[in-house]
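Heads up: the structure comes next, in structure tokens.
Every number here is computed from the coordinates shown, using simple stated rules; none is lab data. Predicted model only: the values in this text are computed from it and were never measured. So basically every Cβ, Gly included, is an ideal-geometry build from the backbone, and we count neighbours across all protein chains shown.
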Amino acid sequence: MTETHNTDIIIIGAGPVGLFAVFELGLLDLRCHLVDILDKPGGQCAELYPEKPIYDIPALPVCTGQELTDRLMEQIAPFDPVFHYGQMAESLVRLPDGSWQLTTSDAVSICAPVLVIAAGGGSFVAKRPPLDNLDAFEATGGVQYAVRQRDALAGKHLVIAGGGDSALDWTVNLVDLAASVTLVHRRDDFRGAPDTVAKMRALVDAGIVNLAIGQLKGLDGDAAGKLSHVLVQSAGAEAPTAIAADVLLPFYGLTMKLGPIADFGLNLEKNLIPVDTERFETSTPSIFAIGDINHYPGKLKLILSGFHEAALM
Ligand code: FAD
């Protein structure tokens, strides 16, 4: 081992829920070490939607994913958490005294009586549309699965694909900045928050957003991989319609890869960790699971649900 630490609590995952757990545990005078494979805190908020507005944090009418992360970091600073970034939580061993030893991919060893798994979707990967020449356009930024820099999309022709919250939120939020926004969804029925669906429909009615009902069929561009058109096949149409596009933003959700946590000997249900709803403890005493990674009847994958779970845990 290159490095060994002893602490009160080990937290796997420095997403919003892992960060808020530091606050709740800090109130109990418990010190935390956090391990995250990302090189920064914030989990999905910082990695997948740093500039997307979040509207459902109590008493914060709106903040972006990055602002929420920055505020959480400010809130937990007095408790002096120790972060181990860029490291996978790889193996877990129970020590003779009943405490846990977690070892990371950098051979850092952390020992504590309690382990908290706040690993969200694990190593999350965006679902890709089934298009032939996707790789070339991904490499040039013609296809992007997250808006990392909103300003970089200024003046561009954007095609946004999907029918859920992300597709709708970005449609509404990029319209002021882009040269054009076309929303593509396979049917005229959206899964997003009703308010955002209404905003999107108003923009379509006003002729500000184009709505294309159909399936993504192909991508056109030059030999260097610069995207020029997205082809959309509508039901009943003989040929696909070519929609001018500099960037395609497919928001088809994420696939979850639990990774090494799957080998920690915990009961799993469809790659999620079942917990009780009093303590959010797993099938193994002194290992807790909070946030998107856990499962119980009525679970909602929301940041505020994870905050609630951290408080009860
Ligand atoms: P995550 O944010 O997924 O963080 C988990 C962390 O654990 C990650 O950083 C990951 O790298 C790390 N990790 C996992 N496995 C390991 C391992 N073995 N070793 C080391 N590190 C590991 N929710 C809302 O409430 N409001 C919204 O408006 C909203 N908008 C969203 C928009 C999008 C596009 C997406 C994708 C989600 C949105 N959500 C929203 C959901 C919200 O982001 C999640 O509920 C929240 O991020 C869950 O937090 P978490 O801390 O449990 O997990």
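Could you pull out every one of the lysines with an alpha carbon less than 21 Å from that of Lys40, ignoring same-chain neighbours closer than 8 positions? Filter leaves Lys52, Lys257. Give the percent of DSSP beta bridges with both residues in segment 1-146 that are antiparallel, rounded to the nearest 5. About 45 percent, rounded to the nearest 5.
Taking Ala119, Ala21, Ala179 as the candidate residues, the one with maximal mean-square fluctuation in a Gaussian network model of the chain, Cα springs under 10 Å, is Ala179. With a simple spin-label model that places each label point 7 Å from the Cα along the Cα-to-Cβ direction, the separation between Ala179 and Leu300 comes to 4.1 nm.
Could you give the alpha-carbon Rg of segment 48-114 over 2.2 N^0.38 Å, rounded to two decimals? Display every interim value, and only then the final one.
Working: Rg = 16.9 Å, N = 67, 2.2 N^0.38 = 10.9 Å.
Cα-based Rg divided by the globular estimate yields 1.55.
With a cap of 10 neighbouring Cβ atoms within 10 Å, and only residues DSSP puts in a loop, list the trypsin sites (Lys or Arg not before Pro) found in segment 190-280.
On the way: sites: Arg191, Lys199, Arg201, Lys217, Lys226, Lys257, Lys270, Arg279; in loops: Arg191, Lys226, Lys270, Arg279.
Passing sites in segment 190-280 are Lys270.
In nm, what is the difference between 0.36 nm times the number of residues separating Thr241 and Lys127 and their Cα-Cα distance?
Details: separation 114, 0.36 × 114 = 41.04 nm, distance 2.33 nm.
Working it through step by step, the gained length comes to 38.7 nm.
Taking 0.36 nm per residue of separation and subtracting the Cα-Cα distance, full extension of the segment from Arg71 to Ala262 would add 65.6 nm. Where both bridge residues fall in segment 226-313, DSSP classifies roughly 75% of the beta bridges as antiparallel.
Counting other C-beta atoms within 10 Å, and keeping those with at most 15, which DSSP coil chymotrypsin sites (Phe, Trp or Tyr not before Pro) do you find in segment 20-120?
Numbers: sites: Phe20, Phe23, Tyr55, Phe79, Phe83, Tyr85, Trp100; in loops: Tyr55.
Those satisfying the criteria are Tyr55.
Please give every one of the lysines within straight-line cross-link reach of Lys217, meaning a C-alpha to C-alpha distance under 24 Å, and leave out same-chain neighbours fewer than 8 residues apart. Partners found: Lys127, Lys156, Lys226.
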